[in-house]
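> I am attaching a structure below and will ask some questions about it afterwards.
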Amino acid sequence: MKKMKHLFLGTALAGALAIGAGVGTYSWFTSETNANGTLVTGTFSLGEMEQLFDHQAFAPSQLLFSDWQTINNTGDMDQVLRATYSHQLNKEVPIEAYKVGFTALKYTEKPDEDELQDQIYELEKLFEGTTNPLNPYYVPTSGVEVMSGILSADQVKALSEEDITSSQSLTLGEDHEFWTLEADEYIDIVFGVKLSDTAGNEYQGAQYDAEFKVEAKQTDNGAEF
């Protein structure tokens, strides 16, 4: 009888251990998903430009062209540009004796030297003309967009009477879509300055200083200079 009792106890203990071993081995159905992301701030910059003019012994009736300046979007974001030309004299003489014009080319593939020279010839024709409108147009054969023009007499006369020096500035093609740059676009620009043949001896030794300044902003609405 004792032997049978021990057998029953052993069997019961084995069953309890088996049941205990099964506790916690069952689980509910589960599922999960996730998404990750990274934001990297874009780069926003313009390349450096060179010196505009460096010329001595400038005389009445002469027409001088600047070196070509390249406006280069060196970042990876589109840009809206504000391009401003300003000039001043170190003598109190009328600055309107200096006639100023420019030609700008926008492109993705740089034009060859012959085309650049052709545009200088076209700018020279504007100096000889009687009307001076800003003239944006497109050259489909080369894929180059061009804007050119001569400062009007009123623009050149925008002087400060309170200053000893004469000065004036102009935003080129203000708000025109030409002055935008995508990440792979460039603008080349050249300026011409002509001293009137009626400029008298009072212009001897006059120093003409010019500055071409380009500012860029984001294309997003609300972005301001």
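> Do you know which of the residues in segment 66-84 that are closer than 16 Å to GLY101 by Cα and crowded, with 16+ Cβ neighbours inside 10 Å is modelled with the lowest pLDDT?
The selected residue is ALA83.
> State whether one or more residues within segment 109-129 are in a loop (DSSP other than H, G, I, E, B) and either modelled with pLDDT of 90 or more or of a type in the set (S, T, N, Q) (or both).
no
> Checking ALA21 against (1) assigned to a loop (DSSP other than H, G, I, E, B); (2) more than 20 Å from PHE212 (Cα to Cα); (3) at pLDDT below 90: exactly one of these is not met. Which one?
Result: ALA21 passes all but (1).
> Among the residues of segment 145-163, are any among the hydroxyl-bearing types (Ser, Thr, Tyr), modelled with pLDDT under 60, within 30 Å of THR219 (Cβ to Cβ) and surrounded by fewer than 13 Cβ atoms within 10 Å (Cβ to Cβ)? Spell out how you get there, then give the answer.
Start the filter on segment 145-163 by keeping residues that are among the hydroxyl-bearing types (Ser, Thr, Tyr), which leaves 148, 152, 160.
Next, only the ones that are modelled with pLDDT under 60 stay: 160.
Add one more test, that the residue is within 30 Å of THR219 (Cβ to Cβ), and what stays is none.
No: zero hits.
> Another question, if that's okay. Hey, does segment 66-73 have a residue that's touching a Ser or Thr at 6+ places or on another chain (Cβ under 6 Å) and hydrophobic (A, V, I, L, M, F, W, C)?
Within segment 66-73, the subset touching a Ser or Thr at 6+ places or on another chain (Cβ under 6 Å) is none.
The answer is no, given that none of the residues of segment 66-73 is touching a Ser or Thr at 6+ places or on another chain (Cβ under 6 Å) and hydrophobic (A, V, I, L, M, F, W, C).
> Continuing with the same structure: Hey, can you tell me all the residues within segment 64-82 that are assigned to a strand (DSSP E or B) and closer than 14 Å to LEU52 by Cα? Steps first, please.
At the first step, the residues of segment 64-82 found to be assigned to a strand (DSSP E or B) are 64-65, 69-73, 79-82.
Within segment 64-82, LEU64, PHE65, GLN69, THR70, ILE71 meet the criteria.
> Looking at segment 185-225, which of its residues are in a strand (DSSP E or B), under 17 Å from LEU64 (Cα atoms) and not charged (D, E, K, R)?
Here is the first cut: in segment 185-225, the ones in a strand (DSSP E or B) are 186-195, 208-218.
If we keep only those that are under 17 Å from LEU64 (Cα atoms) as well, we get 189-195, 208-212.
Once the filter is applied, which keeps residues that are in a strand (DSSP E or B), under 17 Å from LEU64 (Cα atoms) and not charged (D, E, K, R), segment 185-225 yields ILE189, VAL190, PHE191, GLY192, VAL193, LEU195, TYR208, ALA210, PHE212.
> Looking only at segment 172-184, which residues are of a type in the set (D, E, K, R) and either under 9 Å from the mean Cα position of the chain (by Cα) or part of a strand (DSSP E or B) (or both)?
First, the residues of segment 172-184 that are of a type in the set (D, E, K, R): 174-175, 177, 182, 184.
Selection gives GLU182 alone.
The values are calculated or read from the model by the stated rules, or taken from the named source; none is laboratory data. Just so it is clear, the structure is predicted and the values come from calculations on it, not from any experiment. Every residue, glycine among them, receives a Cβ derived from its backbone with ideal geometry; neighbour counts consider all protein chains shown.
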